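These notes concern the structure reproduced below.
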Amino acid sequence: MNPLRKPGAIVVAALALAVLPGAASAHDGDHPFENCTEAYAAGYANIPEGDEHYGSHLDRDGDGIACDLPPADFRAHDDKAAAKGPAEQNRDLAETGGADTTVFLAAVGSTVLLTGGALVAAARRRRALR
């Protein structure tokens with residue numbers, strides 16, 4: 001077995017793992033929440049049937065209203081912006097905290113990692129040929 005293939009596989013796996021977080025997205029309403037705790041944390045309660053955030057698994061009593069028992073400290077998603085200071089209201093960040101440059105940073109990091117791996121492989125080949 002060629003010992004240089006193993007580091008190459010490690011580099012490929014590292015690149016794949018480096019790019020995956022850039023592909024993650026915030027909750028965009030295309031699917032219901034996993035549970036009511038997640039819905040409450042995002043500022044959603046009393047979600048009516050037919051709403052994009054509604055899921056039958058969130059409506060335990062079957063009355064057509066999901067997550068209808070919010071905790072005492074619950075704040076609706078519209079109220080979160082009003083509770084923040086002016087400096088925090090106009091940020092263009094997703095719920096995950098990522099920005100538009102996340103994918104590019106992951107690509108640059110992957111390129112640096114790949115280049116470093118190639119340099120290490122070339123140095124090992126030179127030493128082996130001596």
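The values are calculated or read from the model by the stated rules, or taken from the named source; none is laboratory data. Just so we're clear, the structure is a prediction, and the values are computed from it rather than from any experiment. A quick note on method: Cβ atoms are made from the backbone with ideal geometry, for glycine too, and the neighbour counts reach across all protein chains shown. Each accessible area value is taken on the protein alone, full model and side chains, heavy atoms only, with ligands, DNA and RNA left out. Shrake-Rupley method; radii C 1.70, N 1.55, O 1.52, S 1.80 Å.
Cβ-Cβ under 7 Å, sequence separation 6+ or interchain: first residue in the range 46-68 and within 11 Å of C36 (Cβ to Cβ) and touching a residue at least 24 places away in the same chain (Cβ under 8 Å), partner open to solvent by 50 Å² or more (accessible area, probe 1.4 Å) and part of a strand (DSSP E or B). Which pairs?
Every condition considered, the pairs that remain are N46/I65.
Conditions tested, residue by residue: (1) at pLDDT 90 or above; (2) open to solvent by 80 Å² or more (accessible area, probe 1.4 Å); (3) touching an Asp or Glu at 6+ places or on another chain (Cβ under 6 Å); (4) part of a loop (DSSP other than H, G, I, E, B).
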position: P21; (1), (2), (3), (4): no, yes, no, no
position: A26; (1), (2), (3), (4): no, no, yes, yes
position: G29; (1), (2), (3), (4): no, no, yes, yes
position: F33; (1), (2), (3), (4): no, no, no, yes
position: G43; (1), (2), (3), (4): no, no, no, yes
position: D51; (1), (2), (3), (4): no, no, no, yes
position: Y54; (1), (2), (3), (4): no, no, no, yes
position: D63; (1), (2), (3), (4): yes, yes, no, yes
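Against the conditions (1) modelled with pLDDT of 70 or more; (2) within 30 Å of T115 (Cβ to Cβ); (3) touching a helix residue (DSSP H, G or I) at 6+ places or on another chain (Cβ under 7 Å), where does I10 fall short? Just the number, please.
The number of the failed condition is (3).
For the range 72-95, which positions are surrounded by 11 or more Cβ atoms within 10 Å (Cβ to Cβ) and at pLDDT 60 or above?
Those that are surrounded by 11 or more Cβ atoms within 10 Å (Cβ to Cβ) and at pLDDT 60 or above: F74, R75, A76, H77.
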